[in-house]
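Below is one structure; the comments refer to it alone.
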Amino acid sequence: MNPLKRIGRRRASVLGLAALVALVTPGTASGAPDAVKASTLGAQAAQSGRYFGAAVAAGRLGDGTYTGILDREFNSVTPENEMKWDATERSRGQFTFGPADQIVNRAAARGQRLRGHTLVWHSQLPNWVSSITDANTLRSVMNHHITTVMNRYKGRIHSWDVVNEAFADGGSGQHRPSVFQNLLGNGFIEQAFRTARTADPAAKLCYNDYNIEDWNAAKTQGVYRMVRDFKARGVPIDCVGLQAHFGAGGPPASFRTTLSSFAALGVDVQITELDIAQAPTTAYANTVRACLNVARCTGITVWGIRDSDSWRAGENPLLFDRNGNKKPAYGSTLTAMGGTPTTQRADTSSPRSAAALPSRFSWSSSGTLISPKPDATHNIAGIKDPTVVRYNGKYHVFASVASSSGYNLVYLNFSDWSQAGSATHHYLDRSAIGAGYRAAPQVFYYAPQRLWYLVYQTGNASYSTNPDISNPNGWSAPRHFYSSMPDIIRQNIGNGYWVDMWVICDSANCYLFSSDDNGHLYRSRTSVGQFPNGFTDTVIAARDSKYALFEASNVYKVQGADQYLLLVEAIGSDGRRYFRSWTSSSLAGSWTQLAASESNPFARANNVSFPSGAWTRDVSHGEMIRSGYDQTLTIPACRLQYLYQGMNPGASGDYNLLPWRLGLLTQTNSTC
Ligand code: 9MR
């Protein structure tokens, strides 16, 4: 946004509809927004509300091929070994969380969900536990272990394997011997689940095992009887994990019966460690189909990414070969979920390779959620240009505050939207950010430096950093990204203003987008290693007429899809603000129209319903609710939400004194 004397609502409204039609290039949007075929596993699984995950090893996170596939294909992560007892509590009471934290923090920052694996297991158990001989000691050690590990990751793990592999192989259908079984008896599993429920009441608690896929197996029946008994007696259990380590024949014929029989007990089922010897296409497709056919089968995890990452590497059981190429089973898996595989090449070069987002949008708006809170020294007229991340269980919102004396910034946090109105407003002119013209903030966590960045406009593109997003006093003094306005902007800006700086990074580069209120979107580049320094190579990333490509651009990575989303605010034929949208397969690529016209907008008064009253006709400068919080700016592929500024349609007068307020759009035509 521009803080100076600038185009007002009335001036914009002189644009007639005919003029607008000429300004806006024709959209490519076609028919209805129904069933979208995604081209990655996670995005396609999300179409039915499921996840598609992978076991991840902390030691491989430095391998770019590995993380490239992980971030492109998977929306859930299970630490392969890092949360096991021998990794987390090697000696009694001494907990080590480094490698598990690495996986958890990385996944959380990218919006990937997490499975916890595993709390109580006879294997990978340190000697000091297996050599305990006293039942009371073991019980207290087990409870302490469960509580400490679950507390560490509370709120971040969607499902925990509380007890792993407690049943014996063969025909007995009974528990296997273990130190837990031997000292605590059959009740140890129940004890573990009860402790787990207390430790993290929000996590789903799973019993996880192998060779329980065949309904006719004694082991399956033993587990089934236990779950039935737990449900009958109110012992907390929410899910059964079927590991699904299959031979080349794939799942047994009764696999779907097994899944639906467990589900009928009132628990979710999840395929937790899928791998299949030689990865036959049909075997993978059959496994996936069995899950899709059971409503309570909520997700699938493969036990590794490339064959060379597998604990069964000699059997090549996974979906990617050792070079990271998709194997035939990848295609059959994606197709079985209803997705469309793309060729390897198209994945990196075609701008249309992923269709994770629909081409039409409809929204429902909240009423006004956030209004100015003037104090003795801040006589605020409008609150504007919000940026938001969800981190540590809270929404953290930064916004511009406008008054007759100009623009500065405000910060507030709250745990849910119903609390937004009562949150305290912290004026950031009291921090080292200082007084004077600072506006249009953008916040993100720059993971390589473990620092929060607030990017904003000051006439230049500026930023401050803070190790703790929740500390309003922790921001550093402003620094500039550029020594002066890049030449290409100077040459094209005309009578416009240089506004709305926006940073987004992929694995190699960071890009800084900005607008000139004169029909140009600019893009500069630096490397991830050099950021925040070195922004150069400024180019015009998109151009249109002044009002069709006005300002307030947002650029996001669509989770699980080979797709980026660009939003730019436009001024419509009615003089009202709205958003147009484009997609690209690369941040440096060209942008293809998605929903980009007045009749098919990304978000405009004509595709927004206002159940609690039409308090605005403008859908103006805002920010998407992201699925993570890091510099990749990842958003979900469905059920989008957008925090925006709107205002009383009757308001007029000095632009800086307009009564802007914040509200939240929620997508209503999501297909997943
Ligand atoms: O994949 C894991 C491998 O790296 C470990 O060496 C092994 C040690 O037991 O555990 C593997 O994962 C197992 C999982 O935790 C439980 N189900 C069986 C998996 C394959 O052995």
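Spot the failing condition for Val141; the list is (1) open to solvent by 10 Å² or more (accessible area, probe 1.4 Å); (2) more than 22 Å from Val267 (Cβ to Cβ); (3) outside any loop (DSSP other than H, G, I, E, B), and only one is missed.
Among (1) open to solvent by 10 Å² or more (accessible area, probe 1.4 Å); (2) more than 22 Å from Val267 (Cβ to Cβ); (3) outside any loop (DSSP other than H, G, I, E, B), Val141 violates only (1).
So in segment 528-551, with the set limited to residues that are without any contact (Cβ under 8 Å) to a residue 40 or more places away in the chain and open to solvent by less than 30 Å² (accessible area, probe 1.4 Å), which one is farthest from Val499 (Cα to Cα)?
Residue satisfying both the conditions and the ranking: Leu549.
State yes or no: is Asp200 within 16 Å of the ligand (Cβ to nearest atom) and open to solvent by less than 10 Å² (accessible area, probe 1.4 Å)?
For Asp200, the condition - within 16 Å of the ligand (Cβ to nearest atom) and open to solvent by less than 10 Å² (accessible area, probe 1.4 Å) - is not met.
Identify, please: which residue in segment 559-597 is out of contact with any strand residue (DSSP E or B) (no Cβ under 7 Å at 6 or more places or on another chain) and of a type outside the set (Gly, Ala, Ser) and is, among those, farthest from Phe74 (Cα to Cα)?
Only one residue fits best here, namely Asp574.
Those residues that are touching a Phe, Trp or Tyr at 6+ places or on another chain (Cβ under 8 Å), away from the ligand (no atom under 16 Å from the Cβ), among the hydrophobic types (A, V, I, L, M, F, W, C) and under 30 Å from Tyr391 (Cβ atoms), I need them from segment 122-161; list them, please.
Hit for segment 122-161 is Met150, nothing else.
Take the residues in segment 455-478 that are within 24 Å of Ile540 (Cα to Cα) and within 29 Å of the chain's Cα centre (by Cα); name whichever of them is surrounded by the fewest Cβ atoms within 10 Å (Cβ to Cβ).
Per the criteria, the residue is Ser462.
Is segment 170-190 home to any residue that is β-branched (Val, Ile, Thr), within 15 Å of the ligand (Cβ to nearest atom) and touching a residue at least 24 places away in the same chain (Cβ under 8 Å)?
no
Those residues that are at pLDDT 95 or above, outside any loop (DSSP other than H, G, I, E, B), among the aliphatic types (A, V, I, L, M) and under 24 Å from Thr632 (Cα atoms), I need them from segment 443-497; list them, please.
Within segment 443-497, Val443, Leu451, Leu454, Val455, Ala461 meet the criteria.
Taking segment 203-214, which residues are under 32 Å from the mean Cα position of the chain (by Cα), within 16 Å of the ligand (Cβ to nearest atom) and either at pLDDT below 95 or not charged (D, E, K, R) (or both)?
Cys206, Tyr207, Asn208, Tyr210
Starting from residues that are in contact with a helix residue (DSSP H, G or I) (Cβ under 8 Å, 6 or more places away or on another chain) and either without any contact (Cβ under 8 Å) to a residue 12 or more places away in the chain or not hydroxyl-bearing (Ser, Thr, Tyr) (or both), keep the ones in segment 209-222 and report whichever is surrounded by the fewest Cβ atoms within 10 Å (Cβ to Cβ).
For segment 209-222, the residue satisfying everything is Asp214.
For every residue, the table says whether it meets (1) closer than 23 Å to Ala55 by Cα; (2) away from the ligand (no atom under 16 Å from the Cβ); (3) in contact (Cβ under 8 Å) with a residue 60 or more places away in the chain.
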| site | (1), (2), (3) |
| --- | --- |
| Met226 | no, yes, no |
| Phe230 | no, yes, no |
| Val235 | no, yes, no |
| Val240 | yes, no, no |
| Ala264 | no, yes, no |
| Asn286 | yes, yes, no |
| Ala313 | yes, no, no |
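Would you pick out the residues in segment 90-121 that are surrounded by 19 or more Cβ atoms within 10 Å (Cβ to Cβ) and more than 16 Å from the ligand (Cβ to nearest atom)?
Selection gives Val104, Arg106, Ala107, Ala108, Ala109, Arg110, Gly111, Gln112, Arg113.
Listed here are the residues, each with its yes/no results for (1) modelled with pLDDT under 95; (2) in a strand (DSSP E or B).
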site: Ile504; (1), (2): no, yes
site: Phe531; (1), (2): no, no
site: Ala541; (1), (2): no, yes
site: Lys546; (1), (2): no, no
site: Ser553; (1), (2): no, yes
site: Asp562; (1), (2): yes, no
site: Ala570; (1), (2): no, yes
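Sort out which residues of segment 637-653 are farther than 20 Å from Ser366 by Cα and in contact with a Lys or Arg (Cβ under 9 Å, 6 or more places away or on another chain), and write them in order of number.
Ser652
Every residue in segment 506-522 that is part of a loop (DSSP other than H, G, I, E, B) and open to solvent by less than 20 Å² (accessible area, probe 1.4 Å), please.
Asp516, Asp517, Gly519
Looking at Ala43, Ala29, Ala19 in this structure, which one is away from the ligand (no atom under 16 Å from the Cβ), assigned to a loop (DSSP other than H, G, I, E, B) and either modelled with pLDDT under 95 or surrounded by fewer than 18 Cβ atoms within 10 Å (Cβ to Cβ) (or both)?
When all the criteria are applied, what remains is Ala29.
Being part of a strand (DSSP E or B), in contact (Cβ under 8 Å) with a residue 40 or more places away in the chain and in contact with a strand residue (DSSP E or B) (Cβ under 9 Å, 6 or more places away or on another chain): is that true of Glu623 here?
Spelling it out, Glu623 is indeed part of a strand (DSSP E or B), in contact (Cβ under 8 Å) with a residue 40 or more places away in the chain and in contact with a strand residue (DSSP E or B) (Cβ under 9 Å, 6 or more places away or on another chain).
Only residues that are charged (D, E, K, R) and surrounded by 16 or more Cβ atoms within 10 Å (Cβ to Cβ): list them for segment 224-278, please.
Arg228, Asp238, Arg256, Asp268, Glu273, Asp275
Could you tell me whether any residue of segment 395-403 is under 21 Å from Asp500 (Cα atoms) and open to solvent by 50 Å² or more (accessible area, probe 1.4 Å)?
no
Hey, does segment 592-600 have a residue that's in contact with a Phe, Trp or Tyr (Cβ under 6 Å, 6 or more places away or on another chain) and small (Gly, Ala, Ser)?
Within segment 592-600, one or more residues are in contact with a Phe, Trp or Tyr (Cβ under 6 Å, 6 or more places away or on another chain) and small (Gly, Ala, Ser).
In this structure, does Ala54 turn out to be more than 20 Å from Ile635 (Cα to Cα) and not basic (Lys, Arg)?
Spelling it out, it is not the case that Ala54 is more than 20 Å from Ile635 (Cα to Cα) and not basic (Lys, Arg).
The values are calculated or read from the model by the stated rules, or taken from the named source; none is laboratory data. Because the structure is predicted, anything quoted here is derived from the model rather than measured. Heads up, the Cβs are rebuilt from the backbone with ideal geometry, glycines too, and the neighbour counts pull from every protein chain shown. Side chains included, ligands, DNA and RNA excluded: accessible areas come from the protein's heavy atoms. Shrake-Rupley method; radii C 1.70, N 1.55, O 1.52, S 1.80 Å.
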